[in-house]
Amino acid sequence: MTKENLKSQPGDKKEFYRKILIGSIAATVVGATPFLFYLYEYVPSTEKWDTILGTYHSKQYGDANVAMWVFSMKIIPLVLSLVWFFTCRHWWYHVLIIPITMFSFQCIGALNDDVRFMDEFHILYLLPIMAIIFPSIYLIRAQMFNKINNVDKTLEELEEEFMIKPKGVWGKVKQYF
């Protein structure tokens, strides 16, 4: 049945392969996160670390290995949140911007040598983002339930109606700027 559908609709065949490719990439990234986390073990236990990209001086931590361990503790949740954001099909996926922003601030703070107290005041930077995202999610939810009460549509049909469907990853990024 699937082969017959793919033959009769040539445009859907490309879409099918694109979805398989994106799903495979997302699954590979999620599956590789334990390996990505333990990359810090290959960083030398010295204050100065010379790499192809440049030299890293670990002033705050005193050890480049510890600095990369802290950084990997911040970057892995960021990567997983980004994968979730770009593959989520639900109407509420915009709320994922909040943890993505939080993990981004933490990654910057982990590599910033001038930070004395990491993870203390990042909530203050998140408040403006939360002030925009939470009401907009609530308004979408209120519109959905208003339409449920007025129309005989299922919740899945309403989610499809409210879902913003940009074409590709770049389309999702462009809709925010």
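Nothing in this text is a laboratory measurement; each read-out follows from the coordinates by a stated rule. Everything numeric in this text was worked out from a predicted model, so none of it was measured. Please note: Cβ atoms are built from the backbone with ideal geometry, for glycine as well, and neighbour counts cover all protein chains shown.
A few notes on this one:
- Residue-count net charge about residue 47 - beta-carbon cut-off 9 Å; Lys, Arg +1, Asp, Glu -1: +1
- Difference of contour (0.36 nm per residue) and Cα-Cα distance, residue 80 to residue 29: 17.6 nm
- Couplings 3J(HN,Hα) of region 80-89, computed from phi: 5, 5, 5, 4, 4, 4, 7, 10, 6, 10 Hz, in residue order, whole Hz [Karplus 6.51 cos²θ - 1.76 cosθ + 1.60, θ = phi - 60°; x for Gly and Pro].
- Cleavage-rule hits, chymotrypsin sites (Phe, Trp or Tyr not before Pro), region 25-66, DSSP coil, Cβ neighbours within 10 Å at most 16: 61
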